[in-house]
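Step one of this worksheet: look at the structure below.
No lab work stands behind these numbers, since they all come straight from the coordinates. Values in this document were obtained by computation on a predicted structure and should not be read as measured data. Quick reminder, even Gly has a Cβ in these numbers, built from the backbone with ideal geometry, and neighbours come from all protein chains shown.
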């Protein structure tokens, strides 16, 4: 069963975040992560959902997701992301 991850970002360093995107995009592609949505101008419906960017990703399963996020090259890119943005994310199973 596929594992879905929804993430929202508050970006405080655009150049740093762009560097993360440049490093992470080939890793996502190599690992077969599917992006269902990716929006740099989301519009909040509720106040707690304010974000500068949102993404909706699909992994083959929970093991694929865990392996992806613990890969050394992705962890290095995520360090750059974390310095440039605040991320909130949720994981759920595809029905």
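Please verify whether the range 55-73 includes one or more residues that are out of contact with any helix residue (DSSP H, G or I) (no Cβ under 9 Å at 6 or more places or on another chain), under 14 Å from residue 8 (Cα atoms), touching a residue at least 24 places away in the same chain (Cβ under 8 Å) and crowded, with 16+ Cβ neighbours inside 10 Å. Checked against the condition, which is being out of contact with any helix residue (DSSP H, G or I) (no Cβ under 9 Å at 6 or more places or on another chain), under 14 Å from residue 8 (Cα atoms), touching a residue at least 24 places away in the same chain (Cβ under 8 Å) and crowded, with 16+ Cβ neighbours inside 10 Å, the range 55-73 yields at least one hit. The listed residues are 46, 41, 25, 79, and the only one of them that is farther than 24 Å from residue 1 by Cα, under 14 Å from the mean Cα position of the chain (by Cα) and free of Cβ contacts under 8 Å to residues at least 24 places away in the same chain turns out to be 79. Note on the range 52-74: residues that are within 14 Å of the chain's Cα centre (by Cα), under 21 Å from residue 38 (Cβ atoms) and not in a loop (DSSP other than H, G, I, E, B) total 11. Number of residues in the range 1-39 that are loosely packed, with under 12 Cβ neighbours inside 10 Å and in a loop (DSSP other than H, G, I, E, B): the value is 2. Among the residues of the range 79-95, those identified as in a helix (DSSP H, G or I) and touching a strand residue (DSSP E or B) at 6+ places or on another chain (Cβ under 9 Å) are 81, 84.
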